[in-house]
Structures are given as C-alpha cells and as structure tokens.
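Just below is one structure, and these are the notes that go with it.
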Amino acid sequence: MNGPEIHVEFAPELLVFVPRARTTGGAVAPTDGVSTLGHVVESLGVPLTEVGALFVDGRAVPVSHLPAAGESVTVRPVAHPQRVPGAPLRFLLDVHLGTLARRLRLLGVDTAYESTDIGDPALAARSASEKRVMLSRDRGLLRRRELWAGAFVYSTGPDEQLPYVLDRFRPELRPWTRCTACNGLLRAATKDEVADQLKGGTHRSYDVFAQCADCGRAYWRGAHHDQLEAIVERALSRVAQGN
C-alpha cells in the first residue's frame, strides 16, 4: 500500500503490537483503495483477534471498510468477556503454553494442546475443524484466516496467563473433572482398578481415586494437592467476582 494516508489511533492495550505508535498512541498508514481497514490494521502489527470496535471519524465501521485518504481511525480492544458464538467454548493451545493448558484442564475447561510444534497451518486447521479458540503468543498464527477464533496470550507467565484467559472468556469451570495430561474426562475408580499405577506408600495411604476414561491415568490427592487446590480456589473466586 502506498497511496494516500490515514491516521490510526490504538487503545493502550494494543500498543504492544505497534512499537512505532507507543510514544504517540497512533500511526500513519498508507491506503490503496483496495485493502480493507482490517488489512491495514493487521499490516501495522495488530492481529484481528485482538481488535474490538473500529471507528472512522467517530462512526463504527466493520473490518471490511475501505479507508479513504485523511480518515481518522480508532482501534479498540476486544471487549471482556468475549463471546464466541456457534460452538461450545473450548480451546487449542500451541506448544509454548503447556502449563496454561494443564491449569485449564485442572479447572475442567476443554483444552486441546499440541506438545510438539506441528506448524501454523496444522494448528489453524485443527482450530477450524474442531471449532476451538486458538490461544497463542504467535502473532503470525493468529493472523491465519482459517482459524475458528483466536486470542493472543499477552503474558509469558502462567500465573498471569490463566487469570487473563478466565477474564477474557469466562469459561464454565468444573474443577477436577478432566485429565491434565490428555484432556479426557475423569471417572471415579477403585484402588484395585488403578493398583498398577500405585507405589507402596500411595497404595497404603490413599483410598479415593479417579481415572481418565481416555488414557487411563490415575489421580489421587497426593503431595501436590494443596498447590492445585490453591489454583482452583483462586480461579473460582476470580470468576465469581466477575459475574
């Protein structure tokens, strides 16, 4: 694009994507009479997954709007909570978000996770075929048109990532109902059913077990249960305060 220019002002939350706009809050972008406003915004660095309302000279416009010379554009972030219509709310996480995936599963949120790098095209295709919201820090992945839906995970730390996802999407929480290893559903199990996974001390000390219906992994209230319980309690409290 190398035609007449427009001025694009970004909400503070979006400036992380547009380094050249951080001092002024905005940037100048050329137009060509063909590219949509959505394309212009993405060319400046902001994935459309992070864009909420768009305003041109004070009036709301869709991403398909064709910008004209001299227009003043305001880009706002996605409103929270974000509603994703058309399918049950479930997620797909890339290889870099393993801890977040386990914590979402701990809370009973349907969360698929790729533990190896299968590539952006395959991730986008899975998001579309399974109607899952793609969570990633990869801006290029989030710009792929075939995604069902997506969201940028702003923090690199799981302690900040989980609250952000809960605030943005408000998923229904059903703690202790999913396998943190494979996302399968848990069912109650007897000690005899999981005996082959228990060491001597565990076999003697615990009597209440659950087992994944998919991968067979056994669960019980072991040494790390208090840490997991704290994660669950914080999440439930946060969601309750947000309602």
So, first residue in a helix (DSSP H, G or I) and open to solvent by less than 80 Å² (accessible area, probe 1.4 Å) in the stretch 1-15, second residue at pLDDT below 95 and of a type in the set (A, V, I, L, M), Cβ within less than 8 Å, six or more apart or across chains; the pairs are Leu15/Ala21
The helices (runs of 4 or more DSSP H) lying entirely within the stretch 134-243 that contain at least 2 residues which are within 20 Å of Val84 (Cα to Cα) and open to solvent by less than 70 Å² (accessible area, probe 1.4 Å) are 139-142, 158-169, 225-242
Being within 21 Å of Ser127 (Cβ to Cβ) and free of Cβ contacts under 8 Å to residues at least 60 places away in the same chain narrows Val34, Val18, Val51 down to just Val51
From the option list Ala68, Ala11, Ala53, single residue qualifying as within 20 Å of Val165 (Cβ to Cβ) and not basic (Lys, Arg) is Ala11
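Residues checked against (1) in contact (Cβ under 8 Å) with a residue 60 or more places away in the chain; (2) open to solvent by 10 Å² or more (accessible area, probe 1.4 Å):
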site	(1), (2)
Val61	no, yes
Ala69	yes, yes
Thr74	yes, yes
Gly86	no, yes
Leu97	yes, no
The residue from Val56, Val41 that alone is closer than 24 Å to Phe169 by Cβ and modelled with pLDDT of 95 or more is Val41
Restricted to the stretch 16-52 and to residues being part of a helix (DSSP H, G or I) and open to solvent by 30 Å² or more (accessible area, probe 1.4 Å), the residue nearest to Met134 (Cα to Cα) is Leu48
Of (1) within 26 Å of the chain's Cα centre (by Cα); (2) under 17 Å from Arg105 (Cβ atoms); (3) modelled with pLDDT of 95 or more, Gln211 satisfies every one except (1)
Do we find a residue being at negative phi, loosely packed, with under 15 Cβ neighbours inside 10 Å and either within 13 Å of the chain's Cα centre (by Cα) or without any contact (Cβ under 8 Å) to a residue 40 or more places away in the chain (or both) anywhere in the stretch 100-111? no
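The values are calculated or read from the model by the stated rules, or taken from the named source; none is laboratory data. Quick caveat: nothing in here was measured; it's all calculated off a predicted structure. No Cβ is skipped: glycine too gets one built from the backbone with ideal geometry, and neighbour counts run over all protein chains shown. Just the protein is used for accessible areas: all its heavy atoms, side chains included, with ligands, DNA and RNA removed. Shrake-Rupley method; radii C 1.70, N 1.55, O 1.52, S 1.80 Å.
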